[in-house]
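The values are calculated or read from the model by the stated rules, or taken from the named source; none is laboratory data. Model, not experiment: these values are computed from the prediction. Here the Cβ positions follow ideal geometry from the backbone for every residue, glycine too, while neighbour counts run over all protein chains shown.
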Amino acid sequence: MRTAHEFDSNPGLPIAFGLALFFAGSAAHAEEAPPPRRLSLLVAATEWGLAQLIPSPLLVTGASHVGGGLRWQVTPLLYSFGIAERPVRLFLVSPIARHSGSVELHLSPEWACCAPNAQQSWLARAGLRLYLPLLEHGEVLSWSVGSSYYRAAGTDGLAGDLGLYTFSGVLGLNVTVSPTLTRREVMSVLTLRYF
Amino acid sequence: MRLSHALVLALGGSLLSCGFPGRALSRNLAAPPTRSVANKIRDPRRADARLSVLWVGHATVLVQMDDLFVLTDPVFTHTLGQISPRLVEPGLDPANVPALAAVVVSHMHFDHLSFASLDMIEQKTPLVLVPPGVRANMPRYAFEIRELGRWASYEAHGLRVTAVPVQHVGGRYGIDEAFETRAFTGYVFEYHGLSVYFGGDTAYAPAAFRATRQRFPNLSLALLPICPNLPRGYMQRTHVAPAGALDAFALLGAQQLVPIHFDTFINSDDAPGACPAELRRQMQARGLGNDRVSILDFGQQRVLIAK
């Protein structure tokens, strides 16, 4: 334990003590709440990226078979006409910006499998989709209509789709019709989408 | 591949079915029918009041300050996010909400920012005040939506509303908490020498309460949340408990306290009635009576300062 003499013998201590008192006094006069947490781009990007990895299960139906698959989707560009501010969104799209009324450019890799005697296959799709709100600014119910261009091994073509969404767009059903795409003429997608 | 699918499904199912989120979901699914409120007030304007409050439910409070009204965090819907049903109907019908000077929204969570509820009162207010980052997450309305950063004020017709610090989280959908780091606030309304603190949703944040008191040393009233309380380890980062609400009341130095944010929706492990009961116990232990703390029933209006 240090004694009073030891404190007296250290000329820096009284000064430090005085400074501490001064700043403590200042703090008492200007109490300030802690600043808000700073945005961590790494955390935000990681969480957004993980959300994009959530796949939507596909039910693939053709003229003579039924199969399964997964679809992912990313939105490089969206224009929202239902939102109060910042109508243009790049990649990071809040559900209300999309489902309150918007047009989006979407990119979708798809992987199909599970059809009897069918090989696994990948497909890339790019398209435009219009979202319109039905109930509570689209949070409770919204619908969409879209068209897309796809490329798969050895083939490409056009497709159209219709969708219905609920729970802020987290859950939906989208039906994509590709008349010229063998083995994937109709794809029904249980859309699971979080941002 | 089928094995990996099964593992993902099992993991997701486990997360949903166990722990606090699973319990909250189960309790919401088993919630009783919404209880009605008898003898609801049709005309909340009180000619005898300088300051009165009407608790609509949860964080929705109609505050009368002399001749004007401010409404906090309006939620009149029967569910939150289509999942959580309302336990008790709103204590004031939206059709009977008077002309408002302003609406304040503390943050974006479903139990505080309800787009459908704002639809119901769209023609009754010229202005909705929100914290930074919220406007870009709201649909278009007829009223003006204005963001107020910390300590910023809005002033019109003698009313001044100032955004004050609280401790909570922003975002609406979960992961956007990481993006919306400033999208939560409390407010102080000042009018004709009256001043009302609205805490919205807050954890126990002594520095924030002290800083608010330094700027607003004569608060007439504090509206402070007292729930959700349990599980405490999960809630304490964002929600003040009844004892903490009384501590906050003391730090704010307000003359009166009206507790809010309890018994309206299921968003915790607290049984209905547990939070106000705990508040009463804490009041008794501290010698606080009904002259300082008014625990209102749904739809109950109380004149706190008479003319």
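Between a first residue in the range A:129-141 that is more than 12 Å from chain B (Cβ to nearest Cβ) and a second residue that is basic (Lys, Arg), which pairs have beta carbons less than 7 Å apart while being 6 or more apart in sequence or on different chains?
A:Tyr131/A:Arg98
Could you pull out every one of the strands (runs of 3 or more DSSP E) wholly within the range B:174-235 that has 1 or more residues that are touching a residue at least 60 places away in the same chain (Cβ under 8 Å) and within 14 Å of another protein chain (Cβ to nearest Cβ)?
B:186-191
Take B:Val161 and tell me if it is away from chain A (no Cβ under 14 Å), closer than 23 Å to B:Gln64 by Cα and outside any loop (DSSP other than H, G, I, E, B).
So B:Val161 passes the test.
(1) farther than 25 Å from B:Pro21 by Cβ; (2) hydroxyl-bearing (Ser, Thr, Tyr); (3) more than 10 Å from every other protein chain (Cβ to nearest Cβ): which one isn't true of B:Tyr141, the others all being true?
Of (1) farther than 25 Å from B:Pro21 by Cβ; (2) hydroxyl-bearing (Ser, Thr, Tyr); (3) more than 10 Å from every other protein chain (Cβ to nearest Cβ), only one is false for B:Tyr141: (3).
Can you pull out the residues in the range A:73-86 that are free of Cβ contacts under 8 Å to residues at least 40 places away in the same chain, surrounded by 16 or more Cβ atoms within 10 Å (Cβ to Cβ) and within 14 Å of chain B (Cβ to nearest Cβ)?
Within the range A:73-86, A:Leu78, A:Ser80, A:Ile83, A:Ala84 qualify.
Matching residues to (1) buried (at least 16 other Cβ atoms within 10 Å of the Cβ); (2) facing chain B (nearest Cβ under 9 Å):
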site: A:Arg37; (1), (2): no, yes
site: A:Leu41; (1), (2): no, no
site: A:Glu47; (1), (2): yes, yes
site: A:Leu58; (1), (2): yes, no
site: A:Thr61; (1), (2): yes, no
site: A:Arg71; (1), (2): yes, no
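Take B:Val240 and tell me if it is farther than 19 Å from B:Val103 by Cα and either in contact with a helix residue (DSSP H, G or I) (Cβ under 9 Å, 6 or more places away or on another chain) or within 14 Å of chain A (Cβ to nearest Cβ) (or both).
The answer is yes for B:Val240.
Filter the range A:160-183 down to residues that are among the aliphatic types (A, V, I, L, M) and within 15 Å of the chain's Cα centre (by Cα) and give me whichever is surrounded by the fewest Cβ atoms within 10 Å (Cβ to Cβ).
Per the criteria, the residue is A:Leu171.
Among the residues of the range B:165-175, is there at least one that is under 20 Å from B:Ala222 (Cα atoms), at pLDDT 95 or above and either touching a Lys or Arg at 6+ places or on another chain (Cβ under 8 Å) or buried (at least 21 other Cβ atoms within 10 Å of the Cβ) (or both)?
yes
Taking only the range B:252-275 into account, find how many residues are surrounded by fewer than 20 Cβ atoms within 10 Å (Cβ to Cβ) and assigned to a helix (DSSP H, G or I).
Residues that pass the stated criteria total 1.
Would you check which residues across the range A:170-194 are of a type outside the set (A, V, I, L, M, F, W, C) and within 10 Å of A:Val60 (Cα to Cα) and list them?
Selection gives A:Thr176, A:Arg183, A:Arg184, A:Glu185, A:Ser188.
Looking at the range A:63-80, can you tell me whether even one residue there is more than 29 Å from A:Asp156 (Cβ to Cβ) and at pLDDT 90 or above?
The answer is yes, given that some residue of the range A:63-80 is more than 29 Å from A:Asp156 (Cβ to Cβ) and at pLDDT 90 or above.
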